[in-house]
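So the structure is just underneath, and the comments pick up after that.
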Amino acid sequence: MKSIAAIASELQGYDPQALRVAAVNTFLSRLVESVTTQETAGIFQALGRVLAQDVISPISVPAHDNSAMDGYAFDAAQLSNDAPLTLTIAGTLRAGAGWPHRVEPGQCIRIMTGAIMPGGLDTVVPQEFVSGDGSTITIPAGLLHAGDNRRKLGEDLMQGQPALRRGQLLTPAALGLLASLGIAEVPVWRKLRVAYFSTGDEILSLGQAPREGAVYDSNRYTVFGLLSRLGCEVIDMGVVRDEPHLLETAFTQAAQQADAIITSGGVSVGEADYTKLLMKKLGDVAFWKIAMRPGRPMAVGRIGQAVLFGLPGNPVAVMVTFLAFVRPALLQMMGSAAATPPMLRARSLEPLRKKPGRTEYQRGTVSTGSDGMPQVRITGNQGSGVLSSMVQANGLIVLAHDQGDVAAGDLVEVMMFDGVI
């Protein structure tokens, strides 16, 4: 396990007083390690879990050539581009049944969606495209090509081939795929255990009476939601006051029972509290000034075997630093092979002020313009304490480190919230 200093020495231009966003993610990717314990999850419990092994398809899907729709199955060798084709209906075949007879030239069968294609037949004409008298059908000339409206054996998955890969997050679609293969349980990595607490004498928990100078803790609940959405086992340690023995106990207990520790508050440069001192005393911890807005101060390191993420105290900064840095690191720890989510390119509906030399995350609302293109506008006040802006937004406008002001109509990158917040 490499020390913080050893990891830092490997990064070109590493400067903890002005660390670029890209360098933070590179550092974290080298700091964290994936869980190694596997367990078995039933399909109803597997949503959001990470596969620990490839899932090999035990069957081909579909298991036979079958009809993609209700219509009439026939041999396309009889088609002509110049003349309609009239066929006699030899019977009806429904899904789940077989066809024991030979279909002669000049014949077709009425077939339902999903029914096995009888031998010698390779094409289905949709029922709405034919005319007939109940005993025959006529197919217009030039309507079809051989193989139309037929699903081929194994065109989805072939027996013996990987259906899902190790490291894949199991989505609702993946659960359906597993069920289609007759698989009721899968090997997954154990859930990541993440302990979280807020720090500060000014923080009130829900249920406490208001008092002058105090604020209710929102960070504890947004982080709980973010971790729960990610599928982590959340260890809620509440609010810890700025008292050395309480903070030391909280850090020690968290490190003993969690893979990762997340705190909010107490990492700003020059703060006269005990949080930073105890982080340093108990672990191998670095304190950064990140070239970003919001969320400039951050601590990262280890306490015991647990990875520590010391986030700023402002509510928006907590969520931004979580999305930008903590979430990708936790996914890596979970054993996920998920890549960084793709950015959406949208047209800015207004000019945006931006200073080169830092990455900015502005809260935005993406909609669809009259021309069908994505467009985005900011939510208004971009202060790091304006929590309502995160509710109004559906994404973060990400303005790159070297980027300057944005003019109305320029394209910008947006990190969308769907499925995350």
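The values are calculated or read from the model by the stated rules, or taken from the named source; none is laboratory data. The model shown is predicted, which means the values in this text are computed figures rather than measured ones. Here Cβ is always computed from backbone atoms with ideal geometry, including for glycine, and neighbour counts include all displayed protein chains.
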- Query: So is Phe287 modelled with pLDDT of 95 or more and either in contact with a Phe, Trp or Tyr (Cβ under 8 Å, 6 or more places away or on another chain) or buried (at least 18 other Cβ atoms within 10 Å of the Cβ) (or both) or not?
  - Reply: no
- Task: Scan (1) assigned to a loop (DSSP other than H, G, I, E, B); (2) not assigned by TED's automatic domain parsing to the domain that holds Leu47; (3) not hydrophobic (A, V, I, L, M, F, W, C) for the single condition Gly182 breaks and write down its number.
- Result: (2)
- Message: Looking at Ala179, Ala195, can you tell me which residue is touching an Asp or Glu at 6+ places or on another chain (Cβ under 9 Å) and either modelled with pLDDT of 95 or more or more than 30 Å from Glu243 (Cβ to Cβ) (or both)?
- Response: Ala195
- Message: Need the failing condition index for Phe44 against (1) outside the structural domain of Leu170 (by TED's automatic domain parsing); (2) loosely packed, with under 14 Cβ neighbours inside 10 Å; (3) of a type outside the set (Asp, Glu); (4) within 21 Å of the chain's Cα centre (by Cα), just the number.
- Response: (1)
- Note on the structure: By residue number, the members of the range 185-204 that are touching a Phe, Trp or Tyr at 6+ places or on another chain (Cβ under 8 Å) and either assigned to a loop (DSSP other than H, G, I, E, B) or under 30 Å from Ser336 (Cα atoms) (or both) are Tyr196
- Message: So if I check each of Val35, Val55, which one is crowded, with 18+ Cβ neighbours inside 10 Å, out of contact with any His (no Cβ under 7 Å at 6 or more places or on another chain) and of a type in the set (A, V, I, L, M)?
- Response: Val55
- Which numbered condition trips up Glu360, out of (1) part of a loop (DSSP other than H, G, I, E, B); (2) under 19 Å from Thr321 (Cβ atoms); (3) of a type in the set (D, E, K, R)? (1)
- Message: Looking at Gly409, Gly419, can you tell me which residue is at positive phi and at pLDDT 95 or above?
- Response: Gly409
- Please tell me if Ile43 is at pLDDT 95 or above and touching an Asp or Glu at 6+ places or on another chain (Cβ under 9 Å). yes
